[in-house]
There are 2 protein chains.
Amino acid sequence: MKLYDGGRAPNPRRVRIFLAEKGIEIPSVPIDMGAMGHRSAEITALNPLQRLPVLELDDGTIITESVAISRYFEELNPEPALFGKGAVGKAQVEMWQRRVELHLLATVAAAFRHIHPAMVEWEVPQIPEWGEANKPKALAFLDILDERLGKSAFIAGDDYSIADITGLVAIDFFKPARIQMPEHVTHVRRWHDAVSNRPSAKA
Amino acid sequence: MKLYDGGRAPNPRRVRIFLAEKGIEIPSVPIDMGAMGHRSAEITALNPLQRLPVLELDDGTIITESVAISRYFEELNPEPALFGKGAVGKAQVEMWQRRVELHLLATVAAAFRHIHPAMVEWEVPQIPEWGEANKPKALAFLDILDERLGKSAFIAGDDYSIADITGLVAIDFFKPARIQMPEHVTHVRRWHDAVSNRPSAKA
């Protein structure tokens, strides 16, 4: 198998962190997204949505979407469980993963893509008003996350999970999106320091 | 347990269809979203994101997010498998579920929420330009889905899955979002007729 990897962008990083947490190493094919490599004929043939990462299995099966790629490896290598354990545990991880993805990563990404001049070819049409509208949405969710992290070590509970990976990538995206991290979210800051200090964060 | 149900909106319907496909009946508490019942103190205490549906277990555990609620029931009642079987099968369902949710349901919902006059209190600020920008995104994905459904009976493969539920709910949302279903997506139309004729579609 091989992983078509997109470098610094949030979704490729999510899969690299996931694999690092699992201790899995697979061959990767670097694609230069800055040079629009994700829109090449090669990648379009693998993923008509022209997004990375893309996992190609040895039999040619294609898996796209960072969470779907991660779930594939969770099924093959269940430990450590990064999608939760048991019906309630798995549902809690899914709930928080989605909350963080839809209300934090997606809002920060929208702020970046609709405002940053470098994104003018990526997001057509760029609508700066929509980008700006996403900043307060991201900050409002951060308060909900802060309350949550006042009660649990990690986002979905006592154990590190894919929800933490999505959260880490989202928070690290604040800087390019030019969103200031507020001082008052002390639990988020404690958690962010903890997950950033894990070796996987460098992946 | 009980399910706080939000009526006709897409996400509450997703869970009802899922439960109907599984043959599961649980007590539900109807919440009038037209009267902003999802922003009541009662629902806010259960889900700070003020969204429905919300599943409350007998021990008080709260599960929100329609896909997370669905996964909880999948874990308890694995048959029929609506999240796929085996590592590749589960990854394929997750991939297509996410593609349909992020590129079809989300774009149709954005067109509705940012343009429809009835949504002015729901989506603040309403940005009609962003709503309009989502219509071609939805239609572009429909072409990808049509190509897919030319090759397989259901969205994620040979078997009905949660990806079909998300797809059905998204297509049925075209009308309120005032997006015209194109004539040329004949495979999508064949599939839509088939999934609409299942008893679960009435849920």
*Of the numbered conditions (1) facing chain A (nearest Cβ under 8 Å); (2) surrounded by fewer than 24 Cβ atoms within 10 Å (Cβ to Cβ); (3) not charged (D, E, K, R), B:Pro80 fails exactly one; give the number of that condition.*
(1)
*Somewhere in region B:60-68, is a residue within 10 Å of chain A (Cβ to nearest Cβ), small (Gly, Ala, Ser) and touching a Pro at 6+ places or on another chain (Cβ under 9 Å)?*
yes
*asked:* Suppose we keep only residues that are part of a helix (DSSP H, G or I) and either on the phi > 0 side of the Ramachandran plot or touching an Asp or Glu at 6+ places or on another chain (Cβ under 6 Å) (or both) within region A:160-203. Which one would you say is surrounded by the most Cβ atoms within 10 Å (Cβ to Cβ)?
replied: A:Thr166
*Say whether the condition of being basic (Lys, Arg), modelled with pLDDT of 95 or more and within 30 Å of B:Gly34 (Cα to Cα) is met by at least one residue in region B:82-93.*
no
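Those residues that are in a loop (DSSP other than H, G, I, E, B), surrounded by 14 or more Cβ atoms within 10 Å (Cβ to Cβ) and among the hydrophobic types (A, V, I, L, M, F, W, C), I need them from region A:19-43; list them, please.
Step one: list which residues in region A:19-43 are in a loop (DSSP other than H, G, I, E, B), which gives A:23-27, A:31-32, A:36, A:40.
When the remaining residues are screened for being surrounded by 14 or more Cβ atoms within 10 Å (Cβ to Cβ), the result is A:31, A:40.
If the condition is that a residue be in a loop (DSSP other than H, G, I, E, B), surrounded by 14 or more Cβ atoms within 10 Å (Cβ to Cβ) and among the hydrophobic types (A, V, I, L, M, F, W, C), then A:Ile31 is the only one that fits.
Looking at region B:134-157 only, could you name the residues that are part of a helix (DSSP H, G or I), small (Gly, Ala, Ser) and either more than 22 Å from B:Leu168 (Cα to Cα) or more than 11 Å from every other protein chain (Cβ to nearest Cβ) (or both)?
Of everything in region B:134-157, just one residue is part of a helix (DSSP H, G or I), small (Gly, Ala, Ser) and either more than 22 Å from B:Leu168 (Cα to Cα) or more than 11 Å from every other protein chain (Cβ to nearest Cβ) (or both), namely B:Ala138.
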_Residues satisfying the stated conditions in region B:177-203, i.e. within 21 Å of B:His116 (Cβ to Cβ) and in contact with a helix residue (DSSP H, G or I) (Cβ under 6 Å, 6 or more places away or on another chain)_ = B:Ala177, B:Ile179
*B:Val93 within 16 Å of B:Ile162 (Cβ to Cβ), crowded, with 22+ Cβ neighbours inside 10 Å and more than 9 Å from chain A (Cβ to nearest Cβ)*: no
*For region A:113-134, what are the residues that are surrounded by fewer than 18 Cβ atoms within 10 Å (Cβ to Cβ) and under 16 Å from A:Ala9 (Cβ atoms)?*
A:His116, A:Ala118, A:Met119, A:Glu121, A:Trp122
*Could you tell me which numbered condition B:Arg8 fails, if it satisfies all but one of (1) farther than 27 Å from A:Leu145 by Cβ; (2) touching a residue at least 40 places away in the same chain (Cβ under 8 Å)?*
(2)
_Being touching a helix residue (DSSP H, G or I) at 6+ places or on another chain (Cβ under 6 Å) and at the interface with another protein chain (Cβ under 10 Å from one of its Cβ atoms) is the filter here; which residues of region A:37-53 pass it?_
A:Pro48
*Evaluation of B:Val93 against (1) among the aliphatic types (A, V, I, L, M); (2) assigned by TED's automatic domain parsing to the domain that holds B:Ile171; (3) over 18 Å from the mean Cα position of the chain (by Cα) (one fails), failing number*: (3)
_When you check A:Gly86 against the structure, is it touching a His at 6+ places or on another chain (Cβ under 8 Å), within 13 Å of chain B (Cβ to nearest Cβ) and over 21 Å from A:Ser66 (Cβ atoms), yes or no?_
no
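The values are calculated or read from the model by the stated rules, or taken from the named source; none is laboratory data. Computed from a predicted model, the values in this text were never measured in an experiment. Glycine also receives a Cβ, built like all others from the backbone with ideal geometry; neighbour counts cover every protein chain displayed.
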